[in-house]
Amino acid sequence: MLGWWEGDALVVRYAIEVPDPDATTSSWTRAHHRAQDALDRALADLDHPWLGYVGDWHTHPACCGPSSQDEQSICNASRGYSQPLLLLVHRADETIEARSADRGQLCPLTIHRRPDEI
């Protein structure tokens, strides 16, 4: 996901896809080089001074939220950033579950949507 921080609020503006040619209906692997290439292309194409990497998103084919592997992945990624990262998982029942990680640890999270986006 691409966005920026406004004080204590994270603004997510874009979600980009990072294809995994080996993905199945029940697994996907985040390859750092593919993710970095997709991020670099998106940032160049969008050319917005505030945009940066703010987290990951993916879907689950079942009605389950983020796995321990999902949570560990976002925790690991957050070690390289000065602001927390966001993880969104879209479940099969249309529920979206979120996690936030800061400097390697999961942390509390509150999600607000703008009224015109609900």
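The values are calculated or read from the model by the stated rules, or taken from the named source; none is laboratory data. Keep in mind the model is a prediction, meaning the values are calculated, not measured. Using ideal geometry, Cβ is built from the backbone for each residue, glycine included, and neighbour counts are taken over all protein chains shown.
Details
- Taken over segment 65-82, the criterion of being more than 18 Å from residue 29 (Cβ to Cβ) and either among the aliphatic types (A, V, I, L, M) or surrounded by 14 or more Cβ atoms within 10 Å (Cβ to Cβ) (or both) is satisfied by 65, 78, 81.
- Number of the condition not met by residue 18 [criteria: (1) modelled with pLDDT of 90 or more; (2) not in a strand (DSSP E or B)]: (1)
- Residue match in segment 36-44 (condition: surrounded by 14 or more Cβ atoms within 10 Å (Cβ to Cβ) and without any contact (Cβ under 8 Å) to a residue 40 or more places away in the chain): yes
- Scanning segment 83-107 for residues that are of a type in the set (Gly, Ala, Ser) and exposed (fewer than 13 other Cβ atoms within 10 Å of the Cβ) returns a single hit, 92.
- Checked against the criterion of being part of a strand (DSSP E or B) and under 23 Å from residue 106 (Cα atoms), the candidates 28, 5 yield just one match: 5.
- Matching residues in segment 62-100 - criterion: being in a loop (DSSP other than H, G, I, E, B) and of a type in the set (Lys, Arg): 79, 91
- No other residue among 99, 103, 113 is among the basic types (Lys, Arg), farther than 18 Å from residue 36 by Cα and modelled with pLDDT under 90 apart from 113.
- Meets criteria (within 25 Å of residue 91 (Cβ to Cβ) and touching a residue at least 40 places away in the same chain (Cβ under 8 Å)) for residue 55: yes
- Among the residues making up segment 43-59, those that are under 18 Å from residue 100 (Cα atoms) and either part of a helix (DSSP H, G or I) or of a type outside the set (D, E, K, R) (or both) are 52, 53, 54, 55, 57, 58, 59.
- Restricting 88, 106 to those that are in contact with a strand residue (DSSP E or B) (Cβ under 9 Å, 6 or more places away or on another chain) and under 17 Å from residue 3 (Cα atoms) reduces the list to 88.
- Yes/no for residue 49 being out of contact with any helix residue (DSSP H, G or I) (no Cβ under 9 Å at 6 or more places or on another chain), surrounded by fewer than 14 Cβ atoms within 10 Å (Cβ to Cβ) and within 17 Å of residue 5 (Cα to Cα): yes
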